Every structure is written in structure tokens, then in C-alpha cells.
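Single-structure report; data block below.
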Amino acid sequence: MEMENTDQDFNAIVAAYKETMYTICLMYAQDQDEANDMMQEALINLWRAHDSFRGEASLRSWVWRICVNTCVSYERGQRRHRNTLPISVADLMTAQTDDDQQIRLLHDRIHRLRPFDRALVLLWLEELSYQEIGEILGITAQNVGIRLFRIKEQLRRMSNPNTEQ
């Protein structure tokens, strides 16, 4: 499916994938402001690239790849400039349910993974097939399975303070 360079095509892509794109940004960001900045960058990159979509991959995979690459690049750039620890809105909240706390712990552990591993986990959590994940990340489906196994082991070690990391 070839995309024409029109506002209508771009708006349709954004409408279909904006929630997923923002979820990716949140996974890479330190706080909501940074997620918003990443989302803006991802939308700019999507706009610049949307007329070059050739249909070799699914539209969803193509959008994912642009968004993940944007977040990884953004994070690398920010890491060089970051001198202070960001304060998250979640850190300021006093009352949290057990579910909220579990979700936050999982998010914190995932955030400690390398950017590529984080992208892989995020795609898996979105219930994409190994084939789709591999297509987005440029690895084989078999490699996706192997890496996910290793990442799950790494996350288990993070959750057990008695295990060497």
C-alpha cells in the first residue's frame, strides 16, 4: 500500500496508532513531560517518513519502528545532557494501591533494561507475534524468543534482591 503525501493520510495513521505510540513513549520516558516530547518527535519523524511507506512491512510495524527508533535516539541524546534525577508524578503520589505499586515496580524494572530489550518487551506486552516483533526490530522470530527468555530471567533477578545481578 503506497501512501500519498497528504494531510488526510497522515491524520489517518495518527488516529489509528497514536495511543500505541504514546505507550511506547511512556515506556522510554522518565516522566510525562519527556513522554510528550518523545511523542512530538515521533510524530515529526512519522510526518517526514509517511510518504515513503512502500508497504514492504505492515503499516503497524512501520509505525512501531519509527516510534521505537525515535525514542531510543531521543533517550541517547538526553542521557548526554541529563545532570539531575527527574521527579515523576508517580513519585509524588502518596496513596497507591497494591496493583499500582506492582505496575510501577514492573515499569521501573523494564526501564532499567537496555533500550533494545525495552522495545522488545513493549512489543511483546502489546501481544504482537514473534514474527511481527522481529520485523519491527530487524531480527528473526527465533531470536525474539531467545531474547525474551533472557529478558524474563533478567527481570526475575531484578525482583529477587537475594540473587546476584
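Taking other C-beta atoms within 10 angstrom as a stand-in for reagent exposure, ILE103, ILE110, ILE133 fall in the order ILE103, ILE110, ILE133, fewest first. In plain terms, the residue of SER61, SER159 with the fewest other Cβ atoms within 10 Å comes first and the most crowded comes last, giving SER159, SER61.
Here CYS25, CYS71 are placed in order of increasing Cβ neighbour count within 10 Å, fewest first, which gives CYS25, CYS71.
All of the numbers you see were taken from the coordinates with simple rules; none came from a lab. Note that the structure is predicted; figures quoted are calculated from it, not measured. Cβ coordinates were reconstructed from backbone atoms using ideal geometry, including for glycine residues, and neighbour counts include every protein chain displayed.
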